[in-house]
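Quick notes on the structure that follows.
The values are calculated or read from the model by the stated rules, or taken from the named source; none is laboratory data. Values in this document were obtained by computation on a predicted structure and should not be read as measured data. Note: ideal-geometry Cβ built from the backbone for every residue, glycine included; neighbour counts use all protein chains shown.
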Amino acid sequence: MKFTQPVDSNLFDDAKVVGKPMQRIDGPLKVTGTAPYAYERNDAAPDALYGYPLGAAIGHGRITRMDAEAARSAPGVRAVVTTLEIDPLEKGINNVARLFGGAEVQHYHQAIAVVVADTFEQARAASALIEVDYEEGTPADLDLDAAFERMQGTGEPDTLVGDVEAAFRDAPHVIDQMYHTPAESHTMMEPHASTVDWSDGEDMTVWTSNQMINVNLKSIAATFGIDRERIRVESPYVGGGFGSKLWLRADAVLAALGSRAAGVPVKLALPRPMVMNNTTHRSATVQRIRLAARADGHLTGIWHEAAAYCLPGGRGENPTAQTPIFYAGDTRRVKNHVVDMPLPETADMRAPGEASGLMALEIAMDEMAEALDMDPVQFRIINDTQVDPANPDIPFSDRHFVECLERGAEAFGWSKRNTTPGEQRDGDWLIGHGVAGAYRGALVLPSGARAILDGGKLIIETDMTDIGTGSYTILAQTAAETMGMDVADVEMRLANSAFPASSGSGGQFGAPSSASGVYAACMALRDKIAGNLGIEDASFNGGRVTGGDTDMALSEINEEVSTEDAIQWGDFQKDYAMGTFGAHFVEVGVHAYTGETRVRRMLAVCDAGRIINPITARSQVIGGMVMGVGAALSEDMALDRGRGFFANHDMANYEVAVHADIPEQEVIFLDTLDGVATPLKAKGVGELGLCGVAAAIANGLYNATGIRVRDYPLTMDKFIDRLPAI
Amino acid sequence: MSPPIDFKLRRRTLLAGTAAAAAFASVPRGEAAAQTQSKPAGPETTTVTLNVNGEARKLTVDNRTTLLDALREHLKLTGTKKGCDHGQCGACTCTVNGERINSCLSLAVMHDGDEVQTIEGIGQPESMDPMQAAFVEHDGFQCGYCTPGQIQSARKVIEEIRAGIPSHVTGDLTAEIAITDAEIRERMSGNICRCGAYANILAAITQVAEESA
């Protein structure tokens, strides 16, 4: 099915299942521990042996010698493969660092050996017996601030509209500040893990934890130089991803090499202390933001220049992603610099770009509102735009940012807040309120599915993954709605490369894309059923197909009917800017004596088109808000600039938000519909919930204390000396 | 109080100077390793009986095997999850003799004769325990990987509060402890949920506490 024009009205406008709250159909499996994750495939590979990895112990350089004899002769060891024994493997899609092979060490904890043994304890102990000699690389300058200073003003702007210099010269109100966001780690609960059967070196089966099955399949094929037809990849349950499991990682590669070497299926999970430096993370950013405004609040200039790092050839992080499009403004200059650094790989983490960009931009907006002596909600409303500011002929497909701000302000009681910083107390706590805007693009990707009607049951097969996002449930709802059937009669089969390729999960494109793909497959199934029965204008309702003289239950169709289709996206979408919008409101308490900051209340208002399932969508949003609390207050990968690795590489030292950090949370979904975005008029929402949260907290901290902290996380050491006198 | 670090270092230095270390130097590395393996100082495995979910399970485990791996790898009870293997995340929470522990921080050999309950012993998909059902009802999870540990802790948190065991946020230590949001959040904070389902987990626990009051 090609989506060639904006959808006017369709069956989803009269929905019985889509848009209604529905508990997760995979819930009972998850709460009873019976959903099998990648390391637990006793159903499929009960005899898998244990793989254990070894990571490089230097930041970058070369390995000059490896001696694995002691490991090979250790008890229970079946095989050892060292990186010196094989040529560098081809890289998979979007891999920047090599995953295995060769003498070069590109980053700390890069995988350099795998041990296979009869037991986990034996494999782990043997890996420690491998001797490695290194030649360390030339010390690298890992100072991102210094890099920004060097690069500032260089290169062609990514976006340039009007005479920015003149706008800043002439504006009555200008702010110009530097902002810092730290490196962040996905820290999903399930470490990267794979069970691989490549026992005979021929066909390969990979039970893994991955967000995009088809990409993973292609990457494995490229890595090992084998035909895709000989590989099967399955990932029915994924213990969190947040971007860390988008691309092929070392767990699957090592398990495959170990399986081939030992001639048995092998399972391997990255030890938690290895995850941070072996895999990927969100780059730290340095951002300079300048805003110019007239006295009436109208922005006349937006100037955003930033820097992030990555390994050579990588994409780094683009914190200016939202700046060309989020707010109106007469002139604009936007530039992001990506600096090569020999550090662990930077890649996509939840809302790449916007998450760290809005951490800075939304503080800057707060600062300008204050300079204008204007309500920050009102200031944002004044600068709303319904078109792409750089290309005014391109309208937004559907944008209700102003409504998000207004609804949120009303629901939160914004008008009742104290507007003079540092003037509201609750016992020992200074109380503040903050707001921030949220924006995240609404990307969609081609997505396929197979729909099978068999004895009154509908089976949906697609390689789409459910990484906690609710795919099982929302795709079942979409299928049931399209076929006019009960959800209980739909069986979902996901995340298997034997099924049609989907969008996969990432970039908040998963739900809108894969649901559209399932819709396409089900519409094809409707056509086929109608054609088989010779019905024109068939309708599907209540588990029955009717039309002409026919009125029969789908369960009466004896023969299995199967169709496969995919959603393809027409060029007409390029005539629109597509995005999702929101507003975050928070109340924070800052301890007047210690500077301890606690979030006391949170509200998100989201404009993301039709919400397919309010339960799972709300969980996505509150989960994003929780991640935003961590980003604001505690998450910070500590870089050892001398040694070139992140020192706090476990879950004790990299501090994500816990139960005690999270207060009452409220989510309001605007009842919006975007017929340009998808046939369901739905857009993604999983990343929107994170975007802007940290800045709302920073703005609340300012309102509480009168101290502007522009360097995340907002830890007490950064402002305790400036707290108001007690 | 633990001995100072330099004390430990001296002990190791002393060991390195013994005849055994000298023997290491005189033979190739591989042979030295093989030699040490052939003469273990004591047994490297132990046979224990764990009473898991009411059933006696006799196991011979490597002395290094954690309770978590005994459950997951020996008994194939994979509902108890390994998130960090270092007692940092809480995904491996199960109960031993009625108390919740991080099973990754405990060796199986320490639990001969102990009563262990895993998530599999609490309920099955078609016969869920009230806490499991409440988690489904309130969407107290997303990816599901921390969930068995959250449920184990959740059940015990209610019991611990009712047993009068104080927490960091308990005010009056002599009064009966009320089951408040703050008490639940504090006591659940050893169980990390990166998907961020905390508010929904709190709702699930609160409902179960109220229904069982």
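Structural remarks
- The range A:475-498, subset in a strand (DSSP E or B) and not β-branched (Val, Ile, Thr), residue farthest from A:Met578 (Cα to Cα): A:Glu491
- Among the candidates B:His74, B:His86, residue that is over 22 Å from A:Pro236 (Cα atoms) and under 12 Å from the mean Cα position of the chain (by Cα): B:His86
- So B:Lys76, is it without any contact (Cβ under 8 Å) to a residue 12 or more places away in the chain and under 26 Å from B:Gln124 (Cβ atoms): yes
- Looking at A:Gly700, A:Gly675, A:Gly689, just one residue is at pLDDT 95 or above, in contact with an Asp or Glu (Cβ under 9 Å, 6 or more places away or on another chain) and surrounded by 24 or more Cβ atoms within 10 Å (Cβ to Cβ), and that residue is A:Gly700.
- Qualifying residue in the range A:64-75 (condition: more than 10 Å from chain B (Cβ to nearest Cβ) and under 23 Å from A:Thr469 (Cβ atoms)): no
- Going through (1) in contact with a Ser or Thr (Cβ under 9 Å, 6 or more places away or on another chain); (2) surrounded by fewer than 24 Cβ atoms within 10 Å (Cβ to Cβ) one by one, A:Pro191 falls short only on (2).
- The range B:132-176, residues that are assigned to a helix (DSSP H, G or I), more than 7 Å from chain A (Cβ to nearest Cβ) and touching a residue at least 24 places away in the same chain (Cβ under 8 Å): B:Ala134, B:Gly149, B:Gln150, B:Gln152, B:Ser153, B:Ala154, B:Arg155, B:Lys156, B:Val157, B:Ile158, B:Glu160, B:Ile161
- In the range A:450-468, the count of residues that are of a type in the set (Ser, Thr, Tyr), crowded, with 21+ Cβ neighbours inside 10 Å and over 30 Å from A:Met365 (Cβ atoms) is one or more.
- Only one of the listed residues (A:Met627, A:Met523, A:Met578) is at pLDDT 95 or above and under 30 Å from A:Pro724 (Cα atoms). That residue is A:Met627.
- Pairs are defined by a Cβ separation below 6 Å, a sequence spacing of at least 6 or placement on different chains, a first member in the range A:400-425 that is crowded, with 17+ Cβ neighbours inside 10 Å, and a second member that is acidic (Asp, Glu); the pairs so defined are A:His400/A:Asp607; A:Phe401/A:Asp384; A:Val402/A:Asp384; A:Cys404/A:Asp607.
- Of the residues making up the range A:239-258, those that are within 16 Å of the chain's Cα centre (by Cα) and among the small types (Gly, Ala, Ser) are A:Gly239, A:Gly240, A:Gly241, A:Gly243, A:Ser244.
- Among the candidates A:Ala530, A:Ala521, A:Ala566, A:Ala501, the residue that is assigned to a strand (DSSP E or B) and hydrophobic (A, V, I, L, M, F, W, C) is uniquely A:Ala566.
- Taking the range A:229-310 as the region of interest, the strands (runs of 3 or more DSSP E) fully inside it that hold 3 or more residues being within 14 Å of chain B (Cβ to nearest Cβ) are A:266-269.
- Neighbours by Cβ (under 7 Å, 6+ apart or cross-chain): first from the range A:130-155, within 14 Å of chain B (Cβ to nearest Cβ); second loosely packed, with under 12 Cβ neighbours inside 10 Å: A:Asp133/A:Thr64; A:Asp133/A:Arg65
- Evaluated against (1) within 13 Å of chain B (Cβ to nearest Cβ); (2) part of a loop (DSSP other than H, G, I, E, B); (3) free of Cβ contacts under 8 Å to residues at least 24 places away in the same chain, A:Val709 falls short on exactly one condition, (1).
So that you can scan it fast, the table gives a plain yes or no per residue for (1) farther than 21 Å from A:Val238 by Cβ; (2) more than 12 Å from chain A (Cβ to nearest Cβ):
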site: B:Lys82; (1), (2): no, no
site: B:Gly98; (1), (2): yes, yes
site: B:His111; (1), (2): yes, yes
site: B:Val116; (1), (2): yes, yes
site: B:Ile122; (1), (2): yes, no
site: B:Pro130; (1), (2): yes, no
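- Check on A:Ala126, of a type in the set (A, V, I, L, M, F, W, C), part of a helix (DSSP H, G or I), crowded, with 19+ Cβ neighbours inside 10 Å and within 14 Å of chain B (Cβ to nearest Cβ): yes
- Meets criteria (on the phi < 0 side of the Ramachandran plot, within 12 Å of chain B (Cβ to nearest Cβ) and among the aliphatic types (A, V, I, L, M)) for A:Ala15: no
- Residues (among the β-branched types (Val, Ile, Thr) and either within 14 Å of another protein chain (Cβ to nearest Cβ) or touching an Asp or Glu at 6+ places or on another chain (Cβ under 6 Å) (or both)) located in the range A:54-63: A:Ile58
- Only listed residue being away from chain B (no Cβ under 12 Å) and under 21 Å from B:Arg194 (Cβ atoms), chosen from A:Val590, A:Val586: A:Val586
- Residue that is surrounded by the most Cβ atoms within 10 Å (Cβ to Cβ), among those in the range A:659-672 that are assigned to a loop (DSSP other than H, G, I, E, B) and touching a helix residue (DSSP H, G or I) at 6+ places or on another chain (Cβ under 8 Å): A:Ile662
- Test: residue in the range A:196-215 that is among the hydrophobic types (A, V, I, L, M, F, W, C), more than 14 Å from chain B (Cβ to nearest Cβ) and part of a helix (DSSP H, G or I): yes
- Subset of the range A:635-659 (residues that are touching an Asp or Glu at 6+ places or on another chain (Cβ under 9 Å) and within 12 Å of chain B (Cβ to nearest Cβ)): A:Glu635, A:Asn648, A:Tyr654, A:Glu655, A:Val656, A:Ala657, A:His659
- Residue check, B:Glu211 more than 12 Å from chain A (Cβ to nearest Cβ) and farther than 26 Å from A:Arg24 by Cβ: no
- Residue match in the range A:29-46 (condition: crowded, with 23+ Cβ neighbours inside 10 Å, over 31 Å from the mean Cα position of the chain (by Cα) and within 11 Å of chain B (Cβ to nearest Cβ)): no
- Meets criteria (outside any strand (DSSP E or B), out of contact with any Asp or Glu (no Cβ under 9 Å at 6 or more places or on another chain), farther than 30 Å from B:Ala197 by Cα and free of Cβ contacts under 8 Å to residues at least 24 places away in the same chain) for A:Glu165: yes
- Counting the residues of the range B:79-106 that are touching a residue at least 24 places away in the same chain (Cβ under 8 Å), more than 24 Å from A:Asn653 (Cβ to Cβ) and surrounded by fewer than 24 Cβ atoms within 10 Å (Cβ to Cβ) gives 3.
- Meets criteria (away from chain B (no Cβ under 14 Å), not hydroxyl-bearing (Ser, Thr, Tyr) and not in a helix (DSSP H, G or I)) for A:Ile220: no
- Flag for A:Ile612 being part of a loop (DSSP other than H, G, I, E, B) and either under 30 Å from A:Phe669 (Cα atoms) or more than 9 Å from chain B (Cβ to nearest Cβ) (or both): yes
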